[in-house]
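The values are calculated or read from the model by the stated rules, or taken from the named source; none is laboratory data. The structure presented is a predicted model; accordingly, all values stated were derived computationally and were not measured. Cβ placement follows ideal geometry from the backbone for every residue including glycine, while neighbour counts extend to all protein chains displayed. Keep in mind that these areas ignore ligands, DNA and RNA; they rest on the heavy atoms of the full protein, side chains included. Shrake-Rupley method; radii C 1.70, N 1.55, O 1.52, S 1.80 Å.
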Amino acid sequence: MADEQFSGEVVKLDRGYPLVRLESGERVRCEHATALVKEGACRAVIGDHVQVSVPAAHDKGVIEAIAPRTREFVRKDPTERAVPQVLAANFERVIVAQPVGEVNLRRLERELVLAFETGAAVTVVLTKADLADDAAATEATLAAVRALAGPAAEVLLVSAADPASVDAVRALLAPGTTTVLIGRSGVGKSSLVNMLVGDEVLEVGAVREGDGKGRHTTVSREIVEVPGAGRIVDMPGVRGLGLWDAEAGIEAAFPDIESLAEGCRFRDCTHHEEPGCAVRAAVEAGTLPRERYDSYQALQQEMATVRDRREQARRMNKEKASDQKRYNKKTQGRKRR
Ligand code: GDP
Ligand code: ZN
């Protein structure tokens, strides 16, 4: 008789087995059913809804099936040429965090592209406001970030020294929804989660992800319930954010360029050498910052490279498959003889 199956959700991922919270509230470490892994190399990620069996006399549960995802946060697998990596599933909002005193606009552009690509609501949270003692500089940064984020993403300012500053963030976490928090290590994500919860649920200042200096590393993600609000997942160690499928994300993150492009002579203008290019004209006229144009082109180029590699990989797999077929035919033929 088949084991009884339970519905659950992956609430924690670390170096061990995924931790699944069953509907009963019980939390069990689970491994993947062999068939599941074989099928499409699909592995459950944080936020996944799963079917779990708990075989008797077995110390772990078994993930038998993963429900279709409403949303995924995807980057290019940093260790592979052309493989996507899903970092989280089934969420409603992405918060991009950077310290207000050390904003990196180029990185922010990339983070926004990936965030918008998910189709979720996007918010930028600038942290460590207490460390920025120059009010005018903070205002200038806020203005620059607001201009970059565009009307689609709200920009908020928080500080660990001012607990009330996170109220506006908490207000965005609607009950029953899940928010994914991304940002370089050290930007204050764990601190933000702790302030939202009003308790030390995450370790602050923990060293995460290998830095090549042989320090201890922990890479753990956990869904945290914010009392009276929604849930939030801190994604530590998301250092490399290589683009995967990012066409819609780039479009959403660069509305200024997209709208300029409507004035280009050619509908499929790439804004490189074409005559009558309204985008390059705006750069020449100084109305579109050159750095912004450059990073737009760099991101487009990066995406094109990944697309080519995927195409190559697909062709190679097809060749492999047809080699296999030819081989099978040959050996079958041999058998018949
Ligand atoms: P994470 O790696 O993004 O989770 O960052 P952490 O929350 O661990 O914070 C990294 C460091 O920045 C820690 O030493 C925190 O104490 C410090 N930090 C975080 N938020 C603030 C803030 O608002 N103000 C100040 N002064 N320090 C902060
Ligand atoms: Zn153009």
Requested in this report: Just subtract the alpha-carbon distance of Gln312 and Asn104 from 0.36 nm times their residue separation and send over the number in nm, one decimal.
Outcome: 71.5 nm
Query raised in the report: Within the chain, which is the longest segment containing none of the GluC sites (Glu not before Pro) that sit in a DSSP loop and have at most 10 other Cβ atoms within 10 Å?
Result: 24-261
**Report entry** Contour minus Cα-Cα distance for Arg239 and Ala140 (0.36 nm per residue)
**Finding:** 33.0 nm
Query - Under the Debye formula (equal points on every Cα, no solvent term), log10 I(q)/I(0) of the range 21-146 at q = 0.10, 0.17, 0.19, 0.21 Å⁻¹ - result: -0.50, -0.95, -1.06, -1.18
Query raised in the report: With Cβ to Cβ distances under 12 Å as the rule, what net charge do the other residues near Tyr17 carry (K, R +1; D, E -1)?
Result: +3
**Report entry** Ratio of the Cα radius of gyration of the chain to 2.2 N^0.38 Å, where N counts its residues
**Finding:** 1.16
**Report entry** Ranked order, Lys12, Lys38, Lys189 - accessible area, probe 1.4 Å, largest first
**Finding:** Lys38, Lys12, Lys189
Report task. Give the dimensionless ratio obtained when the Cα radius of gyration of the range 286-326 is divided by 2.2 N^0.38 Å. Result -> 1.98
Query raised in the report: Mind listing which trypsin sites (Lys or Arg not before Pro) in the range 243-328 are in a DSSP loop and have 11 or fewer other Cβ atoms within 10 Å?
Result: Arg265, Arg267
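Expressed in nm to one decimal, what extension gain is obtained for the pair Val83 and Val201 from 0.36 nm per residue of sequence separation less their Cα-Cα distance?
Going from the current span to full extension adds 39.2 nm.
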Requested in this report: Diagonalise the Cα gyration tensor of the range 227-276 and give the resulting equivalent ellipsoid semi-axes, square root of 5 times each eigenvalue, largest first, whole Å.
Outcome: 36, 15, 7
**Report entry** Inter-probe distance in nm under a simple model that places probes 7 Å from Cα toward Cβ, at Lys60 and Thr270
**Finding:** 4.7
**Report entry** Distance between modelled label sites at Thr70 and Lys320, nm, 7 Å Cα→Cβ extension
**Finding:** 3.6
